[in-house]
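Just so it is clear, none of the values below were taken in a lab; they were calculated from the coordinates. These numbers come from a predicted model, not from an experiment.
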Amino acid sequence: MLKGKAALVTGSTSGIGLGIAIALARQGANIILNGFGDADGPKAQIEALGVKVAYHGADMGKPEQIADMLQFATGEFGRVDILVNNAGIQHVAPVEDFPPEKWDAIIAINLTSAFHTTRLALPGMKAAGWGRILNVASTHGLVASAQKSAYVASKHGIVGFTKSVALETATTGVTCNAICPGWVLTPLVQKQIDDRAAREGIPVDTAKRELLAEKEPSLQFTTPEELGALAVFLCSPAGNNVRGVAWNMDGGWVAQ
Ligand code: NAD
């Protein structure tokens with residue numbers, strides 16, 4: 001379904017971004033990977049699906065590196081047809097103890113990076129008459145939790161940004177939507193589970209159960225594969241008129 005399209009997925013060396021990149025590649029899209037850590041493993045995994053894969057290690061907190069990545073992507077594949085703004089970080093602390101440099105990094109990586117990638121990719125999408133922008137927000141784009149002020153602000157921000165871009169592109173073939181996962185068992189959440197186990201002196205499995213029980217009525221993690229399937233739907237012809245939504249996949253978290 002996406003044969004010949006080029007998809008840039010930020011923060012795709014692990015977790016949700018990698019899950020979405022694999023799902024898009026299964027539909028035939030060529031992939032530009034981005035993120036820190038091992039890129040060779042994910043690159044080989046996606047190449048095995050028979051598509052072309054390139055990697056750029058831009059730090060999403062650095063606008064000039066983001067611009068370089070967009071130029072690189074255009075050089076590799078002609079343009080970016082599908083942009084998945086997924087890279088994200090977390091820090092947990094009460095607001096009065098929140099380190100200002102962590103606040104700045106979270107806003108830069110989780111929110112401002114999507115402004116830069118979008119402003120740079122959109123002209124090519126509009127010229128082509130087709131494009132998809134998917135912003136990986138969070139249930140924290142819809143509701144808040146204590147001790148996550150910067151993350152919640154960045155995710156509410158990206159939901160608002162999604163709506164503005166959706167309105168600006170409403171009469172074009174470009175759509176812009178947000179995906180709002182609940183808990184997904186990735187390195188970002190494993191760290192919160194490990195911290196909780198250490199803080200409360202409880203086994204990691206108990207900490208995991210407690211974390212789910214606090215927020216998710218289903219008591220189940222959402223998986224990168226499920227989020228990948230949602231991304232594929234939003235890229236499909238059936239998604240042509242889905243514009244500006246913040247689609248939660250969260251085991252009932254925000255239904256409460
Ligand atoms: P993860 O830690 O597994 O992956 C994050 C990815 O972003 C990695 O590839 C990492 O290398 C990359 N990254 C981090 N900082 C970067 C930077 N400065 N520049 C470039 N890449 C960078 O995390 P994840 O859980 O897969 O999170 C992906 C997205 O999903 C994030 O935006 C996160 O907020 C969101 N999210 C996660 C959950 C969850 O429960 N895991 C829930 C809701 C939303």
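What the table shows:
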| read-out | value |
| --- | --- |
| C-alpha center-to-center spacing [the stretch 178-256, the stretch 1-68] in angstrom | 21 |
| Amide H contacts under 5 Å for CYS176, placed H, 5+ residues apart | ILE133, GLY244 |
| Whole-Hz couplings from phi, Karplus 6.51/-1.76/1.60, listed for the stretch 106-112; x for Gly and Pro | 5, 5, 5, 7, 7, 10, 5 |
| Placed amide H near MET249: partners under 5 Å, 5+ positions off or other chain | CYS180, GLY182 |
| Distant-in-sequence amide H partners of ILE32 (H built 1.01 Å from N, under 5 Å) | ALA7, LEU8, VAL9, ALA54 |
| Per-residue ³J(HN,Hα) for the stretch 201-216, Karplus 6.51 cos²θ - 1.76 cosθ + 1.60, θ = phi - 60°, Hz, x for Gly and Pro | x, 10, x, 4, 5, 5, 4, 5, 5, 5, 4, 5, 4, 5, 10, 10 |
| From phi via Karplus (6.51, -1.76, 1.60), per-residue ³J(HN,Hα) for the stretch 24-29 in Hz, x at Gly/Pro | 5, 5, 4, 8, x, 6 |
